[in-house]
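Since the structure comes first, as structure tokens, the remarks are kept for the end.
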Amino acid sequence: MNASWEEFGWERLADGVGRRRLPGWDATCGLIAGTAGALLYDTGSTLREGAELRLQAQALLGGRRVTHIALSHPHFDHVMGTAAFAGVAVFGAAGTETVLPAEREALRADAVRFGVPEAEAAESAELLVEPSHPVSGERTLDLGGGRRVVLADVGPGHTGHDLAVLVPGSPAVVFCGDLVEESGEPQAGPDAVPSGWPAALDRLLALGGEDAVYVPGHGAVVDAAFVRAQRDTLAERFSGGAQRA
């Protein structure tokens, strides 16, 4: 890594691992660097935002480029910047590759509804990139220099297609997408699967373990106790009080 994380408003989470809290909706974008490749977790809400992330990532990587992208879930504020990255391998939870092109107009409309200028939303939706590498279960990527990351389809929950990323280490870092939110209550839109959400968080906790750093889709970094408490709150909210045994 050449430039410092803080220089670009990023937060260092571990050696070679950081994230940026994007303006507007406080959405997380993560960067994980190895010696042979680098993975970006989510790409922002517009093509312009994706281009900014591309330039920042390249500076942080000492001139190297992002080689892999993992999309947490098919909502506009997490996926609309992907087209700014040419020649990368794009991963998503299995089914995301079908949902994104089918929901292109809905994503554009959501972006406009939340304040993205119409022309910018239209361009970003038109150039929307769907994952070419669907993930079912878990998939490990080797980024070089001993840096491996685990992509895990832990949903359904926040949507029908929720992808988390585990970066093993001390501490381990788990990028959660919107399965976990810290800056507000978890949002359950029309594509949420409320009955499955608590179990998705159980899978997330099993993936990261008790000592991991958990990075929400929106908000500050949290610990396993926070994720467990949010899991129990969601169980109460959606299933009439079901708690873990």
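Taking the listed residues 92, 115, 81, the one that is closer than 20 Å to residue 22 by Cβ and in contact with a Lys or Arg (Cβ under 9 Å, 6 or more places away or on another chain) is 81, with no other qualifying. Taking first residues from the range 193-212 that are among the polar types (S, T, N, Q) and partners that are surrounded by fewer than 21 Cβ atoms within 10 Å (Cβ to Cβ), the Cβ contacts under 9 Å between residues at least 6 apart in sequence or on separate chains come to 195/238; 195/239. The number of residues in the range 139-157 being touching a Phe, Trp or Tyr at 6+ places or on another chain (Cβ under 7 Å) and not small (Gly, Ala, Ser) comes to 1. The strands (runs of 3 or more DSSP E) falling completely within the range 1-94 that include 1 or more residues that are polar (S, T, N, Q) map to 28-33. Go through (1) of a type outside the set (Asp, Glu); (2) modelled with pLDDT under 95; (3) open to solvent by 50 Å² or more (accessible area, probe 1.4 Å) one by one and return the number of the condition residue 65 breaks. Of (1) of a type outside the set (Asp, Glu); (2) modelled with pLDDT under 95; (3) open to solvent by 50 Å² or more (accessible area, probe 1.4 Å), only one is false for residue 65: (2).
With buried (at least 19 other Cβ atoms within 10 Å of the Cβ), among the aliphatic types (A, V, I, L, M), touching a residue at least 24 places away in the same chain (Cβ under 8 Å) and within 21 Å of residue 22 (Cα to Cα) as the only criterion, which of 154, 174 stands out? So that I can check it myself, show each step before the final result.
Numbers: 154 fails: within 21 Å of residue 22 (Cα to Cα).
When all the criteria are applied, what remains is 174.
Of all residues in the range 34-59, those being surrounded by fewer than 23 Cβ atoms within 10 Å (Cβ to Cβ) and under 18 Å from residue 174 (Cα atoms) number 1.
Within the range 185-202, the set of residues being within 16 Å of the chain's Cα centre (by Cα) and open to solvent by 40 Å² or more (accessible area, probe 1.4 Å) comprises just one member, 187. Among the residues making up the range 136-149, those that are within 12 Å of residue 91 (Cα to Cα) and open to solvent by 20 Å² or more (accessible area, probe 1.4 Å) are 136, 138, 139, 140.
Out of the residues in the range 157-171 that are of a type outside the set (Val, Ile, Thr) and not in a loop (DSSP other than H, G, I, E, B), state the one that is most open to solvent (accessible area, probe 1.4 Å). Before you say what the answer is, go through the steps one by one.
Step one: of the range 157-171, the residues of a type outside the set (Val, Ile, Thr) are 157-158, 160-164, 166, 168-171.
Now narrow it down to the ones that are not in a loop (DSSP other than H, G, I, E, B): 163-164, 166.
Working: 163: 1, 164: 0, 166: 20 Å².
Of everything passing the filter in the range 157-171, 166 is most open to solvent (accessible area, probe 1.4 Å).
One residue stands out in the range 83-111 among those that are of a type outside the set (Gly, Ala, Ser) and more than 22 Å from residue 52 (Cβ to Cβ): the one that is most open to solvent (accessible area, probe 1.4 Å), namely 105.
For residues in the range 123-135 being open to solvent by 40 Å² or more (accessible area, probe 1.4 Å) and aliphatic (A, V, I, L, M), which is nearest to residue 98 (Cα to Cα)? Lay out the reasoning, then the answer.
We begin by selecting, within the range 123-135, every residue open to solvent by 40 Å² or more (accessible area, probe 1.4 Å); these are 123, 126-127, 129-130, 132-134.
This time we only want the ones that are aliphatic (A, V, I, L, M), so: 127, 129.
Values: 127: 15, 129: 11 Å.
Here the answer is 129.
The values are calculated or read from the model by the stated rules, or taken from the named source; none is laboratory data. Since the structure is predicted, the reported quantities are computational estimates derived from the model, not experimental observations. Because the Cβ atoms are built from the backbone with ideal geometry, glycine has one as well, and the counts that use them run over all protein chains shown. To get the accessible areas, we keep the full protein, side chains included, count just its heavy atoms, and leave off ligands, DNA and RNA. Shrake-Rupley method; radii C 1.70, N 1.55, O 1.52, S 1.80 Å.
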